[in-house]
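The values are calculated or read from the model by the stated rules, or taken from the named source; none is laboratory data. Everything quoted here is computed from the prediction, not taken from an experiment. Glycine also receives a Cβ, built like all others from the backbone with ideal geometry; neighbour counts cover every protein chain displayed. The accessibility values were calculated without ligands, DNA or RNA, using every heavy atom of the protein model including side chains. Shrake-Rupley method; radii C 1.70, N 1.55, O 1.52, S 1.80 Å.
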Amino acid sequence: MNDQFYRIRRLPPYVFAEVNAMKARARAEGEDIIDLGMGNPDGAPAPHIIAKLCEVARDPGAHGYSASKGIKGLRKAQAAYYQRRFGVELDPDTEVVVTLGSKEGLANLAQAITAPGDVVLAPNPSYPIHTFGFIITGAAIRSIPAAPGPDFFLRLEYAMAYSVPKPSVLVIGYPSNPTAYVADLAFYREVVAFAREHKLWVISDLAYAEIYFGDEPTPSILQVPGGKDVAVEFTSMSKTYSMAGWRMGFAVGNPVLIDALARVKSYLDYGAFTPIQAAAVAALNGPQDAVAANRALYKARRDVMVDSFTRAGWDVPSPQASMFAWAPIPPALAHLGSVEFAKRLLSEAKVAVAPGAGFGSEGEGFVRLALVENEQRIRQAARGVKKFLLANGVNGPGGQGQ
């Protein structure tokens, strides 16, 4: 049995596995399942990005080992993006490293900077790697609120006062997955001040930087004066450019953390395939029409989902950013819990969602809905949801019983 292994023993059963297995069985039997469970973009990168991939792949010299920290042109392109988008100046050699997606980068940074017994502050609920990247290294997690409100800093103060040993790392991520919470620069200023006072490293996950629906673009913690003294930030090309399977991300910021990550990576990988890195340069330096188009696409889907699901009897809060909606289970069915609710929704409404319990204990009572189906399919999902709710004695907005 693999439970003899130390790190495997630290990982609980995968909460999503049962729902995923049900989904696979249903599809194998020919059922039409509308999958709102996984945040897997359904679009393709812009043609000029694919053209660059093909062009470089035809070069016989492009198929050897690449550079673990990323080719120089790509690190320069990411630095130029930060300058253009956030007004933040980065040294491509010491403050930027290319990662195999932000998920891999965060997990490798966790290995680089934490030891067994260290205490890490991480939001609950949150994207699983924010906690399990550190749990795998042997660290202990102390939960903090996912919402960037007043309670956030009260809980931070409490954690610093009563944790032994003192926490060494704070993980944050806005726009957040799964909750879609957003943060402003005032919040980041407080985080930087708190981290400097308490000698905390801050890891900011900015994977959804370009998927915002209001007039104000998503800020970066590195915009705060002194931010680079305490923070490293992860971004990803997965959602911004519809390049999820390409596994292309970045860590930028504090040179001490960047050096630690680059050093660990140098032992573990040879970097992404060079043609993929060259195509990523074309994405960052080329026309940005596709980025705006993706933002508009997700906004339109959000509006359709919120409207159609609410009409179906399930109040779905409207997210301000990200490609997810974080929806409380209709009150009349809350007793089922998120896993059983997701299973029932799959079998009876033919709609797959991600149970909130998979994102931490505070996620119970919610499910995550991904904006990865087209508007027609989202409306079809809403019709299935309406039938499901009516069949279970729920009617009207708010999901109240009859």
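Numerical summary
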quantity	calculated
Every residue from the range 274-317 that is aromatic (F, W, Y) and either free of Cβ contacts under 8 Å to residues at least 40 places away in the same chain or in contact with a His (Cβ under 6 Å, 6 or more places away or on another chain) (or both)	none
Test for K228: is it open to solvent by 20 Å² or more (accessible area, probe 1.4 Å), of a type outside the set (A, V, I, L, M, F, W, C), closer than 24 Å to V202 by Cβ and under 14 Å from the mean Cα position of the chain (by Cα)	no
Those residues of the range 353-397 which are in a helix (DSSP H, G or I) and without any contact (Cβ under 8 Å) to a residue 60 or more places away in the chain, in sequence order	Q376, K387, F388, A391
Residues that are open to solvent by less than 50 Å² (accessible area, probe 1.4 Å) and either in a helix (DSSP H, G or I) or touching a Cys at 6+ places or on another chain (Cβ under 6 Å) (or both), drawn from the range 335-352	L336, G337, S338, V339, F341, A342, K343, L345, L346, A349
Among (1) surrounded by fewer than 20 Cβ atoms within 10 Å (Cβ to Cβ); (2) more than 20 Å from V182 (Cβ to Cβ), the one test that P317 misses	(2)
Positions within the range 131-185 being surrounded by fewer than 17 Cβ atoms within 10 Å (Cβ to Cβ), over 24 Å from P317 (Cα atoms) and either small (G, A, S) or out of contact with any helix residue (DSSP H, G or I) (no Cβ under 7 Å at 6 or more places or on another chain) (or both), in sequence order	G138, A140, L154, R155, E157, Y158, A161, Y162, S163, V164, P165
Yes/no for L268 being over 21 Å from the mean Cα position of the chain (by Cα) and open to solvent by less than 30 Å² (accessible area, probe 1.4 Å)	no
Residue within the range 105-117 that is part of a loop (DSSP other than H, G, I, E, B) and either without any contact (Cβ under 8 Å) to a residue 24 or more places away in the chain or buried (at least 19 other Cβ atoms within 10 Å of the Cβ) (or both) present	yes
Test: E197 is of a type in the set (D, E, K, R), at pLDDT 95 or above and within 23 Å of Q78 (Cβ to Cβ)	no
The range 359-391: number of residues that are of a type in the set (A, V, I, L, M) and over 17 Å from the mean Cα position of the chain (by Cα)	7
